[in-house]
Amino acid sequence: MTESHNPSLTALLAPLETALGSRFEKEPIWAAAAPGRVNIIGDHTDYSEGLALPMGIDLYTLMVAAPRDDGPQAIRVFSAEEGEAELSLRGSESRRGDWTDYLDGVLALYQELGAAVPPFDLVIGGDLPLGAGLSSSASLELCFAALIERITGHALPPLDRALLCQRAEHDYAGVPCGILDQFAVSFAKEHIAMLLDCRDQSVTEVRLPDDVRVAIVDSGVRHALGDGGYAERRAQVETAQNSLGKSLRDSGLEELTLIPDNRVRQRAQHVISENSRVTAFVEALSANDEVTAGQLMYESHRSLSRDFAVSCIELDTLVTAAQNAGALGARMTGGGFGGSMVAFVDRAKTVAFEKALTAEFRTAGFTEPTIRWVTAAAGARSWTLT
Ligand code: GLA
């Protein structure tokens, strides 16, 4: 199934505006949008000072809001996908263990900085699929951050905003994520990917080739980073760094023998080689060598699957099918344990790619995959509706 998802933001906002009217009898005053992200290469490198190459995608979290003046010091929230909730402006001691924890976290951290957040009514929607490995949580956080900044006038630079949202995710949602997702959603720009250096927290723009299209294919397997696998990988990377006495960013493959534990050594092998692949990928793109860039994506997938062990049978099958269907490159993207594959496909071969990929995935016994063609989109932003 190919999903068409390119309606304008205005069209995507319309149902949210209607919901604000029917739920809360309000006309929208403020709006915010944040893209999802896809990581083109460089996964599980961000929490050891490594390199990654994400881009924002034109699938969005959207919010519309209006002031609330019926008394309670709270934000009323409605999300068609997730339901209703109320966020107290006086802070909440307990975590609900759901999507509202991300919002509570962002709200509390802005208040800590001195932002005077008034009560308001909020509707959340958009077309970014949840739990598909496209950073729906970072997108939710950054969208809410942009909205709060609009409402309060308490504006932060993109770096501080990203770090605040990462803290909300750690401290309120209990997910020990790295910085990749929040950086990508905060700094994203149209037409470009971003080389993130997670050591000095710098972002370098990287032009994407014109003759390549980016496909995101949902494996249908839902992941939750709060589950043990992600934290376990982080701990293994930490153990590897302790054995080597330095960051994996500064380590070479020849040093791997210093790591006694087999499994930990494999994890380190992935991280060290993935950092080199990101550098080689950026060089290949600047030399217009898309074939080499694509090969590096396949190698990255093999490394994530075999050495880092965060893939699954559905993702492995999709990547093999993508290769057979003529993609220049393909790999799982994001945290793994399900989620999506990203593929680089020659612009002239997209129809053949879709057909062949779908047929092979089905023959392997899986349901029809959802294929989304995305373009690089701008990062989180907000505006006032007139
Ligand atoms: C998740 C985390 C990121 C990063 C990726 C893997 O998306 O939130 O910080 O670690 O996994 O690259």
What translational diffusion coefficient, in µm²/s and rounded to a whole number, does the Stokes-Einstein relation yield for the chain at 37 °C and a viscosity of 0.692 mPa s, taking the hydrodynamic radius as the Kirkwood radius over Cα pairs?
154 µm²/s
Between ALA14, ASN39, ALA65, whose Cα lies farthest towards the positive end of the dipole of the chain when Lys and Arg beta carbons carry +1 and Asp and Glu beta carbons carry -1, centred on the Cα centre?
ASN39
Debye, to nearest 20: dipole size of the range 1-77, +1 on Lys, Arg Cβ, -1 on Asp, Glu Cβ:
180 debye
To two decimal places, what compactness ratio does the range 110-157 give when its Cα radius of gyration is scaled by 2.2 N^0.38 Å?
1.30
Longest segment of the chain lacking GluC sites (Glu not before Pro) that sit in a DSSP loop with at most 10 other Cβ atoms within 10 Å:
94-386
Selection from THR320, GLN295, VAL310 lying farthest towards where the dipole of the range 236-331 points positive, charges on Cβ
VAL310
How charged is the neighbourhood of ALA115? Take every other residue with its Cβ under 13 Å from the Cβ of ALA115, and add Lys/Arg as +1 and Asp/Glu as -1.
-1
Rounded if a/c is under 1.5, else prolate if a/b is larger than b/c, else oblate: which is the range 195-322, with a ≥ b ≥ c the root eigenvalues of its Cα gyration tensor?
oblate
Estimated inter-spin distance, ARG207 and ALA116, nm [label 7 Å along Cα→Cβ]:
4.8 nm
Would you mind counting up the charge near LEU296? Only other residues with Cβ under 13 Å from its Cβ, with Lys and Arg at +1 and Asp and Glu at -1.
-3
Working out 0.36 nm times the residue gap between LEU253 and ASP70, then minus their Cα-Cα distance, what length gain in nm do you get to one decimal?
59.6 nm
Sticking with the crude label model, points 7 Å out along Cα→Cβ, report the distance from THR384 to ALA11 in nm, one decimal please.
3.0 nm
Classify the range 75-176 as rounded, prolate or oblate, taking a ≥ b ≥ c as the square roots of the eigenvalues of its Cα gyration tensor: rounded when a/c is under 1.5, otherwise prolate if a/b is larger than b/c and oblate if not.
rounded
Show me, bin by bin at 5 Å from 0, the whole-percent P(r) of the range 232-286 based on Cα pairs.
4, 21, 32, 19, 11, 7, 5, 1
What is the Cα convex hull volume of the range 1-139 when expressed per residue in Å³?
146 Å³
Test item: Cα-centred dipole of the chain, Lys/Arg +1 and Asp/Glu -1 on Cβ, debye:
340 debye
One would report the antiparallel percent of DSSP beta bridges in the chain, rounded to the nearest 5, as 90 percent
Setting aside same-chain residues fewer than 8 positions from LYS189, which lysines have a Cα under 28 Å from its Cα?
LYS349
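Readers should treat all values here as calculations from the given coordinates under stated rules, not as data from a laboratory. Nothing here was measured: the structure is a model prediction, and the numbers come from that model. As a convention, Cβ positions derive from the backbone with ideal geometry for all residues, glycine included, and neighbour counts pool all protein chains shown.
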